[in-house]
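Read the structure below first, then the notes.
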Amino acid sequence: MSFQSRLICLAGGLALVAGAAFAADSDTARLTKDPKNWAMQAGSMDNHRYSELKQINSKNAKNLTVAWTFSTGVLRGHEGGPLVIGDTMYLHSPFPNKVFAIALEDQSIRWKYEPKQDPTVIPVMCCDTVNRGLAYANGKIFLQQADTTLVALDAKTGNELWKVKVGDPKLGETTTNTPHVFKDKILTGISGGEFGVRGRITAHDINTGKVLWKAYSTGPDNELIVDPNKTMTWTDGKMAPIGANSSLKTWQGDQWKLGGGTTWGWYSYDPALNMVYYGTGNPSTWNPRQRPGDNKWSMTIFARDLDTGMAKWVYQMTPHDEWDYDGVNEMILADIKVKGQPRKALVHFDRNGFAYTMDRVSGELLVAEKYDPVVNWATHIDMKSGRPQVVAKYSTDKNGPDVNTKGVCPSALGTKDQQPASFSPKTGLFYVPTNHVCMDYEPFQIEYTAGQPYVGSTLSMYAAPNSHGGMGNFIAWDAGTGKMVWSKPERFSVWSGALSTAGDVVFYGTLEGYLKAVDLNGKELWKFKTPSGIIGNVTTWEYKGKQYVGVLSGIGGWAGIGLAAGLTKGTEGLGAVGGYKDLAKYTELGGVLTVFALPDR
């Protein structure tokens, strides 16, 4: 090798080293390792929603009292939760997507940001004007606005640093997800599966907002960012290449262009594998007869290389969806024993009522079991093909348009919607907020018009029959065996994100507005009625030696859309208004963060 060639190789090697150093530049991973912070919406990149803090424990949780409260000034559904970095809390609201920086010392507002958005975006937001929270990295706060603007703010001043548009509300595209920071990138998605929006995920440079890669859920291979020969999927009891045109072959004509597969859920990241994991939503329309085929890759778990976007493996949970069982729920990365063998697992509680345990390295399907016994649309998941075995009686496709298919469990809300579960490395169990709701589903013919609803179905929802009479359960789940450990019934769906801690306490909120603490056996230790129903996620942090627990209350979201939007007809809100009509007897609109701590000695 010549001297010049050696110089070129050396320069290339240095460039790779420099690139790797820059790629690891985000301080987010370091901040999440300090339990005093709550630096990501899920608390960590693996979506555990677990804290090592243990000042509050199963013996003293009964003594929790309100430490302070803060009103956002907005009366719609409050999902997500606050971030805490050092001595500052960063809090968001639903539309108009206010951002507050709050001093933990005295709860004073250090700065406030309120973007100017066109209110015409509100009618194209499917299921309330929710926002699932902020992200933080390198002195920047990231907000994904409803109107699809991704904005970076200076964390000290609130000044805008950059902003980019990732969609077009005139086409029905909105954004409700939290952005996720992994290494030097910020990832975001798109909402609008009920408006014929074509789903995708985009990776941006955290310093400039520049798009680094964009991967669609449906369409040609190059736009999916897949390799037909190397991107793998589970089939016939093994992993195999997806082959050429894997999506296009499962749609009729150009239907994939309106195919849904939106990406409004929670993402996770494994730094050792450099892989990001997320799920895609429903195919459009909700009338399955209008879109024959498996409709790939809607309803799919994607595992992608963070740097290139290339998909390593994919797995479709509900081929040719007939019930709106979006696959966007969180992917929890946990190293657990599965059927006695140690595995680097991915655990996913899908809307379709099945809990999946996958090998996150290879994509192998390991476990798939119902996590609510009332699930009836499918008998089981065939472990060789990976496909659900659909019960003909509950097939809205077989029954056809203008036929009301009755008694389908779960409802379109799913056995769990986006409200994230928690994993405790201490117990090895998953603590899961669930819906215990069934439905009647009547599809009908619909034509696509840009920016208009593209649903094509009428729904009615109700509590699961012949059960405890409530609409929800809070459960503990063993993902290694696919078995429920315990279940705690609730009057309404449990729509808040759970939190487990090293103090042997698990927290969750209820739609009536209670924040509850239970022990590791599900025994209720304490509860407090907050000002409004809880659809936010419980978080915890430490400041000046004291542990705090906080949660946003503010009824709304899909389950609470009747109250949030003033709807009264039972089939409105895609069926939720009638199902949750009794919520009005227990709570009202609000928008308050309530913070709890143990009393001073």
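Show me, for the range 30-37, the HN-Hα J-couplings you get by feeding each phi into the Karplus relation (A = 6.51, B = -1.76, C = 1.60, θ = phi - 60°), rounded to Hz, glycine and proline as x.
3J(HN,Hα) across the range 30-37, in whole Hz: 5, 5, 6, 7, 9, x, 5, 8.
Nothing charged except the Cβ atoms of Lys and Arg (+1) and of Asp and Glu (-1): what's the magnitude of the dipole of the range 253-393 about its Cα centre? Round to the nearest 20 debye.
Details: 16 positive and 17 negative charges, 59 e Å.
Dipole about the Cα centre, nearest 20: 280 debye.
How much net charge surrounds Leu515 when only the other residues with a Cβ under 9 Å from the Cβ of Leu515 are counted, with Lys and Arg +1 and Asp and Glu -1?
Net charge around Leu515: +3.
With every protein chain left in place, what is the accessible area per residue of the chain in square angstrom, probe 1.4 Å?
Counting only protein heavy atoms, the per-residue value for the chain is 35 Å².
Placing unit charges on C-beta atoms (Lys and Arg positive, Asp and Glu negative, everything else neutral), compute the dipole magnitude of the chain about its Cα centre in debye, rounded to 20.
Roughly 900 debye, rounded to the nearest 20.
Please list, ordered by chain and number, the residues whose modelled amide H lies under 5 Å from the amide H of Asn376; skip anything fewer than 5 residues away on the same chain.
Cys409
Search the structure for amide H atoms under 5 Å from the amide H of Tyr514, placed 1.01 Å from N in the peptide plane, and list their residues when 5 or more places away or on another chain.
Amide H neighbours of Tyr514, under 5 Å, 5+ apart: Thr530, Ile534.
Show me, for the range 166-180, the HN-Hα J-couplings you get by feeding each phi into the Karplus relation (A = 6.51, B = -1.76, C = 1.60, θ = phi - 60°), rounded to Hz, glycine and proline as x.
Whole-Hz 3J(HN,Hα) from phi for the range 166-180: 10, x, 9, x, 5, 9, x, 8, 9, 9, 10, 6, 7, x, 10.
Any idea which of Ala392, Ser411, Leu429 is furthest toward the positive side of the dipole for the range 353-487, if Lys and Arg beta-carbons carry +1 and Asp and Glu beta-carbons -1?
The listed residue farthest towards the positive side: Leu429.
Can you give me the % of accessible surface on the chain that is carbon or sulfur? Probe 1.4 Å, all protein chains present, nothing else counted.
The value for the chain is 53 percent carbon and sulfur by accessible area.
Go through Gly545, Thr176, Ala464 and say which Cα lies farthest out towards the positive end of the charge dipole of the range 3-597; charges sit on Cβ, +1 for Lys and Arg, -1 for Asp and Glu.
With unit charges placed on the Cβ atoms, the residue in question is Gly545.
What nm value, rounded to one decimal, do you get for the distance between Asp118 and Asp600 when each label is placed 7 Å out toward the C-beta?
Inter-label distance under the simple model: 5.2 nm.
Of Asn138, His78, Ala101, which is farthest on the positive side of the dipole of the range 25-146, counting Cα position, with +1 on Lys and Arg Cβ, -1 on Asp and Glu Cβ, and the Cα centre as origin?
His78
Run the numbers for Thr449 and Asp34: contour at 0.36 nm per residue of separation, minus the present Cα-Cα distance, in nm. Numbers along the way, then the final one.
Details: separation 415, 0.36 × 415 = 149.40 nm, distance 4.90 nm.
Gain on stretching Thr449 to Asp34: 144.5 nm.
Counting DSSP beta bridges with both partners in the chain, what percentage is antiparallel, nearest 5?
About 95 percent, rounded to the nearest 5.
Taking 0.36 nm per residue of separation and subtracting the Cα-Cα distance, what length does fully extending Gln107 through Ala392 add?
Value of the extension gain: 96.9 nm.
Under the Karplus relation 6.51 cos²θ - 1.76 cosθ + 1.60, θ = phi - 60°, what is the ordered set of whole-Hz ³J(HN,Hα) values for the range 103-117, x standing for Gly and Pro?
6, 5, 4, 9, 6, 6, 8, 6, 7, 9, 10, 10, x, 8, 10
By a straight-distance test (C-alpha under 22 Å), which lysines pair with Lys54 as possible cross-link partners, with residues fewer than eight away in the same chain excluded?
Answer for Lys54, where 22 Å is the Cα cut-off: Lys33, Lys36, Lys62, Lys426, Lys516, Lys523, Lys527, Lys544, Lys546, listed by chain and number.
Amide H neighbours of Arg387 under 5 Å, counting only residues 5+ apart in sequence or on other chains, H built in-plane at 1.01 Å?
Long-range HN contacts for Arg387: Asp382.
The values are calculated or read from the model by the stated rules, or taken from the named source; none is laboratory data. Nothing here was measured: the structure is a model prediction, and the numbers come from that model. Quick reminder, even Gly has a Cβ in these numbers, built from the backbone with ideal geometry, and neighbours come from all protein chains shown. Only protein heavy atoms, including side chains, enter the accessible area calculation; ligands, DNA and RNA are left aside. Shrake-Rupley method; radii C 1.70, N 1.55, O 1.52, S 1.80 Å.
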